[in-house]
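J.: Before I ask anything, let me first share the structure, which is written out below as structure tokens.
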Amino acid sequence: MERVKLVGYAGLVLALLMMVACNSNEVNPIEASNEENLSGEAASDGAIAIDFGLFCGDGCQEVLTLEAPRESINGKVGVIASGIFPYGVGTMRMAEETVKKYFPNIKTIIGNGKSDPVTQSAVIDDFIAQRVDVLVIDLVEKDSVNAALERAKDAGIPIILIDRWSPVEGLTLIKAEDVEVGRKAGQQVVALLNGKGNVIELKGTAASTTTIDRNKGILEAFDGYPHIKIIESMNADFDQDKGFKMMEHMLQRFPAGQIHAVVSHADVMTMGAIQAIKAAGREDEIIVVSVDAQETALEAIESGAIDATVAYPIVMPMGILAAAKTIAGESMPKFIELDAPVVTKENVEKYKDKTGY
């Protein structure tokens, strides 16, 4: 009997020791939840929480939030950028990154219009032949690609317009409002010049809606200030070399003291312009205001070479989210507006490494 009791006690002790060992390896549920949140994992379904970025505000996030589970969305998305300048390159890269990060069953096909409407139209036709489920496109020009867009619509392909609008109606248009962007840039010039001075305007490609609308906004900002005068307005086609050459010519044409500010439709042209200004030794006499907030321009703001830029966001992940909602059969408004804040030396740190290009 004594031997049976000892065996029984030994078994009980062994069981208690095993329970303690198991409990010591368990993770506190609160700590586990915190670890998931810190790693960016949504607690509800384990999917990575979508980062909408700095420029998609509450309203934008609300209309682009998916109802369907992301892994259930299966389809082929064609993404077409407008050019090979930094904005276009950033658009293509961020589109691929968004799909890879959030949508395991979406396939992307990437194309580039290379600032040529004929090239972009050919890419659209190729995507029609490849039977994409939805087209996300940043147009080179508002009219020259119309026929190709109509062919896509006739093929039953929904169109999501990003960055630039088109007279061909798409499912939705996602962008910052370019007239307002131009107005903000113009207002910065007015404030920095105290309402008086001669201004050079560097515009993008002539037929792009970006150029048309930003120019309109700048002119609206200058309206009512008779002592602000645009002494030259020219198209540098969103090209850094052209920005340099045109600014170099203006500096030769207008001697010291005759140019008080440059307002540029895009940082890529601005970077060329400030190279020319620096080479001429006229940095101290010319105020520079730009648009976009690409990384090189933010560095130029920090150094004082650019006085301000109006941040114009790359429309990602927003364009891919809209495509995913389209495939899932979910509705969106016709226009989704993105924020476009003014960046100066005082707040530039907030936007470093956040604009995507």
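The values are calculated or read from the model by the stated rules, or taken from the named source; none is laboratory data. These figures come from a predicted structure and were not determined experimentally. Backbone-built Cβ (ideal geometry, glycine too); neighbour counts: all protein chains shown. Ligands, DNA and RNA are stripped out before the accessible areas are found, and what is left, the full protein with its side chains, is counted by its heavy atoms. Shrake-Rupley method; radii C 1.70, N 1.55, O 1.52, S 1.80 Å.
J.: I'm trying to understand the selection: among the residues of segment 305-314, which are part of a loop (DSSP other than H, G, I, E, B) and closer than 25 Å to LYS229 by Cβ?
T.: If the condition is that a residue be part of a loop (DSSP other than H, G, I, E, B) and closer than 25 Å to LYS229 by Cβ, then ALA305, ILE306, ASP307 are the ones that fit.
J.: Does any residue of segment 322-340 turn out to be closer than 28 Å to GLY195 by Cβ and in a loop (DSSP other than H, G, I, E, B)?
T.: Within segment 322-340 (the criterion being closer than 28 Å to GLY195 by Cβ and in a loop (DSSP other than H, G, I, E, B)), the answer is yes, since at least one residue qualifies.
J.: Based on this model, can you work out whether LEU149 counts as in contact (Cβ under 8 Å) with a residue 12 or more places away in the chain and part of a loop (DSSP other than H, G, I, E, B)?
T.: Here the answer is no, as LEU149 does not meet what is asked.
J.: Scan segment 47-59 and report the pairs whose first residue is on the phi > 0 side of the Ramachandran plot and whose second residue is open to solvent by 50 Å² or more (accessible area, probe 1.4 Å) and in a loop (DSSP other than H, G, I, E, B), with Cβ atoms within less than 8 Å and a gap of 6+ or a chain change.
T.: Note: pairs meeting the criteria are GLY53/LYS354.
J.: If you don't mind, another one. Spot the failing condition for VAL136; the list is (1) part of a strand (DSSP E or B); (2) open to solvent by 10 Å² or more (accessible area, probe 1.4 Å), and only one is missed.
T.: Evaluating VAL136 over (1) part of a strand (DSSP E or B); (2) open to solvent by 10 Å² or more (accessible area, probe 1.4 Å) leaves (2) as the failure.
J.: Limited to segment 169-188, what total is found for residues that are in a loop (DSSP other than H, G, I, E, B) and either modelled with pLDDT under 95 or over 22 Å from MET318 (Cβ atoms) (or both)?
T.: Result for segment 169-188: 1.
J.: Regarding ILE109, is this residue farther than 26 Å from ASP241 by Cβ, surrounded by fewer than 23 Cβ atoms within 10 Å (Cβ to Cβ) and among the β-branched types (Val, Ile, Thr)?
T.: Yes, satisfied.
J.: Still on this structure, I have one more. For PHE103, are the conditions met, namely being over 21 Å from ILE336 (Cβ atoms) and open to solvent by less than 40 Å² (accessible area, probe 1.4 Å)?
T.: No: the conditions fail for PHE103.
J.: Of all strands (runs of 3 or more DSSP E) completely enclosed by segment 189-302, which ones contain at least 3 residues that are open to solvent by less than 10 Å² (accessible area, probe 1.4 Å)?
T.: The strands (runs of 3 or more DSSP E) meeting that bar are 197-203, 261-264, 287-292.
J.: Shifting gears a bit: Considering only residues that are farther than 11 Å from VAL136 by Cα and of a type in the set (A, V, I, L, M, F, W, C), which ones fall in segment 151-182?
T.: Across segment 151-182, the qualifying residues are ALA152, ALA155, TRP165, VAL168, ALA176, VAL179, VAL181.
J.: What do you reckon, is PHE85 modelled with pLDDT under 95, aromatic (Phe, Trp, Tyr) and crowded, with 19+ Cβ neighbours inside 10 Å?
T.: So PHE85 fits the description; yes.
J.: Check segment 153-167 and report whether any residue there is of a type in the set (Asp, Glu) and at positive phi.
T.: yes
J.: Is it the case, given these coordinates, that ASP138 is modelled with pLDDT of 95 or more and closer than 12 Å to ALA81 by Cβ?
T.: So ASP138 fits the description; yes.
J.: While we're looking at this one, here's another question. Every residue in segment 170-188 that is out of contact with any strand residue (DSSP E or B) (no Cβ under 7 Å at 6 or more places or on another chain), open to solvent by 60 Å² or more (accessible area, probe 1.4 Å) and in contact (Cβ under 8 Å) with a residue 40 or more places away in the chain, please.
T.: GLU180
Residue by residue, here is whether (1) over 26 Å from MET247 (Cα atoms); (2) free of Cβ contacts under 8 Å to residues at least 12 places away in the same chain; (3) among the small types (Gly, Ala, Ser); (4) in contact with an Asp or Glu (Cβ under 7 Å, 6 or more places away or on another chain) holds:
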| site | (1), (2), (3), (4) |
| --- | --- |
| ILE274 | no, no, no, no |
| ILE287 | no, no, no, yes |
| GLN294 | no, no, no, yes |
| GLU299 | no, yes, no, no |
| SER303 | no, yes, yes, no |
| PRO313 | no, no, no, no |
| MET332 | yes, no, no, no |
| ILE336 | yes, no, no, no |
| ASP339 | yes, no, no, no |
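J.: Related question: Would you confirm, using the coordinates I've provided, whether LYS354 is open to solvent by 60 Å² or more (accessible area, probe 1.4 Å), at pLDDT below 95, part of a loop (DSSP other than H, G, I, E, B) and not small (Gly, Ala, Ser)?
T.: yes
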